[in-house]
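Asks: Questions regarding the structure given below will be posed in turn.
The values are calculated or read from the model by the stated rules, or taken from the named source; none is laboratory data. Since the model is a prediction, treat every value here as computed from it, not as a measurement. Here the Cβ positions follow ideal geometry from the backbone for every residue, glycine too, while neighbour counts run over all protein chains shown.
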Amino acid sequence: MFRSFFYLVSIVCVFSCKTEQAAIQNTVPNLDYPQTFKDTSVTDNYHGTIVADPFRWLEVDTAKEVKGWVKEQNEVTFDYLSNIPYRDKIKDRYEELFNYVKLSSPYKVGDYYFFSKNDGLQNQYVIYYQKGLDGEPEVFLDPNKMSEDGTVSISLLGFSEDDKYVAYSKQEGGSDWREIHVMEIANKRKLPDVLKWVKFSGANWNKDGFFYSKYPAPEDGLELSAKNEYHSVYYHKLGEDQSKDVKVFGNDKEPLIYHFTSITEDRDYLVLYASTGTDGYETYYKNLKSDGPITNLFSGYKNKSSVIENVGDKLLVMTDIDAPKYRLIEVDLNNPSKENWKDVIPENEHLLQSVSTGAGKLWANYLQDVTTRIYSYNLDGSNKTEIKLPGLGSAYGFGGRKDDDMFFYSFSSFTIPNSIYKFDVKTGKSEQFFESTLKFNPSDYVEKQVFYTSKDGTKVPMFIVHKKGLELNGQNPTYLYAYGGFNVNLTPSFSTSRIILLENGGVFAMPNLRGGGEYGEEWHKAGMLHNKQNVFDDYIAAAEYLIDNNYTSKEKLGIAGGSNGGLLVGAAMTQRPDLFAVTFPAVGVMDMLRYHKFTVGWGWVPEYGSSDDPEHFENLLSYSPLHNLKENVEYPATMITTADHDDRVVPAHSFKFGARLQECHSGDQPVLLRIAVDAGHGAGKPTSKIIEEEADRWSFLFYNTNSPVKYIEG
């Protein structure tokens, strides 16, 4: 890694921390929150329980009154943030740190290698390609030229069987809606094909077209809020209008089901998945050689069984059936019943995170105490060989096509920026292909993993990162980040933004709460549905561990999370408002009684349960952040973040929670709503918006924990 030395200059004079911070706070204006109208007549009857919803009018985010309210909230928020004296210094420092070349792992398509690159401060990554490894890189698609503000992003979805064409998606303003376009690779000629109302889809090519998933067009004006129904798979023939696309897979009787596809490398089998939400799914297949029927392979929605590849008429399937930490099985399509399954990679004590194929081998990605281990196998599961990685961290990208003899993968950790390695299949050795030139010295910092005890005695792992030699005196500003849901694994990764915290004597902590998938399905199920309180207990116990071990104190502790993690922060701050100084609920699911009524919220019912079901209503009400705020309580300093184009967790969640929190809060600490414009749930957010938001986040944390801030001059 490259080492740079900087002159550290404090922006405040050498008085006590308490004195200097008090002086700074006088420069920030007193908060005068907008008056938020309450309609006390709005109530719901949930199985005999009447629940008031006086801020429901804020759910109509396109209404004139709501837009006016958003404008007023943002005026208060940005006035407050702009008056934090060191906010601009933090922004400049983060921009300096962020300004380095970032590269994705190259991957081979025919004669070309594709990769994404950001020169430093470009709003969006540019997609490049080159002929062979020694070819000259050439811009293939540059989304930065597709909008003035950088809010258009591009993703490559799938390549045609002859590697002549590529289908790519175009996303605008952060919305989950996509358009699919097609380009001829060799001459970069854009075809007239445009497919609209696409969400949660790839492009699986077969013959002269591809399979993709879409919704019917929503009603005008409700594109970002209406419930999404009848997700279905279509086949698009190249050159034809979308109106002629043929529906292949869907369920007209059950509108609340997702439908997806994948395809085997030889294009012999189309694999189709049907899911009622974000948990289990059914698996089907179609023999494309014989144009056979769509045949069910795994029924029911309690398990997850994904087809990895085929070997002739046998499918290799990664499944959690009778294996909560997953296994790889072989299913003979001529004898597909369970008694005929064969274990290729049996379940063991560690989580099998994924399996891919490439170079005629299997590549298994395991999590061992939340860090990556990679093993190669023959296709029959023999000859298990561990691949030596650069260190303990997270590795992605092993696998490729059958005729590949090498491929690229990425590796990172909390202190190692993302680096690209070239892997030789024959020798089993890696060599560094790309190293980030970030102005950061990993050897100045330490990362460790501890195990703490939650409320019910469960041992929970947590990563902690800070400067070497940091004094554990309880006075360090600390950022506790977690997720805890949907089987999502939080593994070590590098964050440029986090350097701002660490170089100012801060501590970063990331616990792997129940509800995630780090230890398999049992760990996941221990934090879903009626077990959801375990997740909040794990999070609160993590905070108490950090305080008890003098990493920080409740006056210095900030907590953060996004989406389901925003729910986590909202539940923690309403259950233990005394425990935290600062809270950052981002794009959170805050109204647990109505979340399923918007866009794709119905897909989270398998994880949370639904208020329509009396069995789950009481449980949801017991922790719903919106409904557990209490009047005349001193809540932590809070900055709620959301976006006007978030059509996954609609901004109404944050609007209603913020309005109620401002009403209930009795202390002097600020309660701000930071509402991004032309942005969504997070994907595709331009660099310029990221830099502004992160500068605001760290400024708010330091300011409201009375923490002295240093900045670095080049």
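Asks: Residue check, Ile294 against (1) within 13 Å of Thr261 (Cβ to Cβ); (2) surrounded by 20 or more Cβ atoms within 10 Å (Cβ to Cβ), all met but one. Which one?
Replies: Checking Ile294 against (1) within 13 Å of Thr261 (Cβ to Cβ); (2) surrounded by 20 or more Cβ atoms within 10 Å (Cβ to Cβ), the one that fails is (2).
Asks: Another one. Check whether at least one residue in segment 521-535 is within 18 Å of Gln449 (Cβ to Cβ) and touching a Ser or Thr at 6+ places or on another chain (Cβ under 8 Å), and report yes or no. Steps first, please.
Replies: Going through segment 521-535, the residues within 18 Å of Gln449 (Cβ to Cβ) turn out to be 523.
Subsequent filtering for residues that are touching a Ser or Thr at 6+ places or on another chain (Cβ under 8 Å) retains none.
Within segment 521-535, not a single residue is within 18 Å of Gln449 (Cβ to Cβ) and touching a Ser or Thr at 6+ places or on another chain (Cβ under 8 Å).
Asks: List every residue pair whose Cβ atoms sit under 9 Å apart, with the two residues 6 or more apart in sequence or on different chains, where the first one lies in segment 615-626 and is farther than 18 Å from Val535 by Cβ and the second, anywhere, is of a type in the set (A, V, I, L, M).
Replies: Qualifying pairs under 9 Å: Phe617/Leu593.
Asks: Something else about it: May I ask you to list the residues in segment 469-495 that are in contact with a strand residue (DSSP E or B) (Cβ under 8 Å, 6 or more places away or on another chain), surrounded by fewer than 21 Cβ atoms within 10 Å (Cβ to Cβ) and closer than 19 Å to Pro708 by Cβ?
Replies: The answer is Leu470, and nothing else.
Asks: Among the numbered criteria (1) charged (D, E, K, R); (2) in contact with a strand residue (DSSP E or B) (Cβ under 6 Å, 6 or more places away or on another chain); (3) outside any strand (DSSP E or B), which one does Lys448 miss?
Replies: Unmet condition: (3).
Asks: Among what's in segment 374-395 and is at pLDDT 95 or above and either under 13 Å from Pro492 (Cα atoms) or among the small types (Gly, Ala, Ser) (or both), pick the residue that is surrounded by the most Cβ atoms within 10 Å (Cβ to Cβ). Full working, then the answer.
Replies: Pass one, segment 374-395, residues at pLDDT 95 or above: 374-389, 393-395.
Then drop every residue that is not either under 13 Å from Pro492 (Cα atoms) or among the small types (Gly, Ala, Ser) (or both), which leaves 376, 381-382, 393-395.
Numbers: Ser376: 19, Gly381: 18, Ser382: 8, Gly393: 21, Ser394: 24, Ala395: 22.
So, considering only residues that are at pLDDT 95 or above and either under 13 Å from Pro492 (Cα atoms) or among the small types (Gly, Ala, Ser) (or both), the one surrounded by the most Cβ atoms within 10 Å (Cβ to Cβ) is Ser394.
Asks: Got a number for residues in segment 156-196 being at pLDDT 95 or above, surrounded by 19 or more Cβ atoms within 10 Å (Cβ to Cβ), in a loop (DSSP other than H, G, I, E, B) and not aliphatic (A, V, I, L, M)?
Replies: Residues flagged as at pLDDT 95 or above, surrounded by 19 or more Cβ atoms within 10 Å (Cβ to Cβ), in a loop (DSSP other than H, G, I, E, B) and not aliphatic (A, V, I, L, M) within segment 156-196 amount to 1.
Asks: Would you check if Lys426 is outside any loop (DSSP other than H, G, I, E, B), charged (D, E, K, R) and without any contact (Cβ under 8 Å) to a residue 60 or more places away in the chain?
Replies: no
Residue-by-condition table, conditions (1) at positive phi; (2) assigned to a loop (DSSP other than H, G, I, E, B); (3) in contact (Cβ under 8 Å) with a residue 12 or more places away in the chain:
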| position | (1), (2), (3) |
| --- | --- |
| Val460 | no, no, yes |
| Phe463 | no, no, yes |
| Gln475 | no, yes, yes |
| Gly484 | yes, yes, yes |
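Asks: For Asp538, which of the numbered conditions (1) in contact with a strand residue (DSSP E or B) (Cβ under 8 Å, 6 or more places away or on another chain); (2) closer than 23 Å to Lys448 by Cα; (3) not in a helix (DSSP H, G or I) fails to hold?
Replies: Of (1) in contact with a strand residue (DSSP E or B) (Cβ under 8 Å, 6 or more places away or on another chain); (2) closer than 23 Å to Lys448 by Cα; (3) not in a helix (DSSP H, G or I), only one is false for Asp538: (3).
Asks: In segment 92-109, how many are in contact with an Asp or Glu (Cβ under 7 Å, 6 or more places away or on another chain) and surrounded by fewer than 19 Cβ atoms within 10 Å (Cβ to Cβ)? Talk me through it step by step, then tell me what you get.
Replies: Taking segment 92-109 and keeping what is in contact with an Asp or Glu (Cβ under 7 Å, 6 or more places away or on another chain), we get 94, 101, 108-109.
Restricting the remaining residues to those that are surrounded by fewer than 19 Cβ atoms within 10 Å (Cβ to Cβ) gives 101, 108-109.
Residues flagged as in contact with an Asp or Glu (Cβ under 7 Å, 6 or more places away or on another chain) and surrounded by fewer than 19 Cβ atoms within 10 Å (Cβ to Cβ) within segment 92-109 amount to 3.
Asks: Say we look at segment 74-91 and pick out the residues that are surrounded by fewer than 16 Cβ atoms within 10 Å (Cβ to Cβ) and part of a helix (DSSP H, G or I); which of these is nearest to the chain's Cα centre (by Cα)?
Replies: This residue is Phe78.
Asks: Would you confirm, using the coordinates I've provided, whether Phe486 is assigned by TED's automatic domain parsing to the domain that holds Pro636, farther than 24 Å from Gln575 by Cα and aromatic (Phe, Trp, Tyr)?
Replies: Working: assigned by TED's automatic domain parsing to the domain that holds Pro636: yes; farther than 24 Å from Gln575 by Cα: no; aromatic (Phe, Trp, Tyr): yes.
No.
Asks: Identify all residues within segment 650-679 that are touching a strand residue (DSSP E or B) at 6+ places or on another chain (Cβ under 7 Å), of a type in the set (Gly, Ala, Ser) and under 30 Å from Glu172 (Cβ atoms); write none if there are none.
Replies: Ser654, Gly658, Ala676, Ala679
Asks: Tell me yes or no: at least one residue of segment 607-614 is under 19 Å from the mean Cα position of the chain (by Cα), more than 28 Å from Ser666 (Cβ to Cβ) and surrounded by fewer than 21 Cβ atoms within 10 Å (Cβ to Cβ). First the steps, then the outcome.
Replies: Taking segment 607-614 and keeping what is under 19 Å from the mean Cα position of the chain (by Cα), we get 607-608.
Then drop every residue that is not more than 28 Å from Ser666 (Cβ to Cβ), which leaves 607-608.
So of that shortlist, the ones also surrounded by fewer than 21 Cβ atoms within 10 Å (Cβ to Cβ) come out as 607.
Yes: segment 607-614 contains one or more residues that are under 19 Å from the mean Cα position of the chain (by Cα), more than 28 Å from Ser666 (Cβ to Cβ) and surrounded by fewer than 21 Cβ atoms within 10 Å (Cβ to Cβ).
Asks: Among the numbered conditions (1) over 19 Å from Ser175 (Cα atoms); (2) in a strand (DSSP E or B); (3) of a type in the set (Gly, Ala, Ser), tell me where Ser213 comes up short.
Replies: Exception for Ser213: condition (1).
Asks: Right, here's the next one. Mind listing just one residue for me: the one in segment 397-423 that is among the hydroxyl-bearing types (Ser, Thr, Tyr) and in a strand (DSSP E or B) and, of those, nearest to Ser436 (Cα to Cα)?
Replies: First pass over segment 397-423, keeping only residues among the hydroxyl-bearing types (Ser, Thr, Tyr): 409-410, 412-413, 415, 419, 421.
In the following step, the residues that additionally are in a strand (DSSP E or B) were identified as 409-410, 412, 419, 421.
Working: Tyr409: 14, Ser410: 11, Ser412: 11, Ser419: 6, Tyr421: 12 Å.
Applying the filter and picking the extreme gives Ser419.
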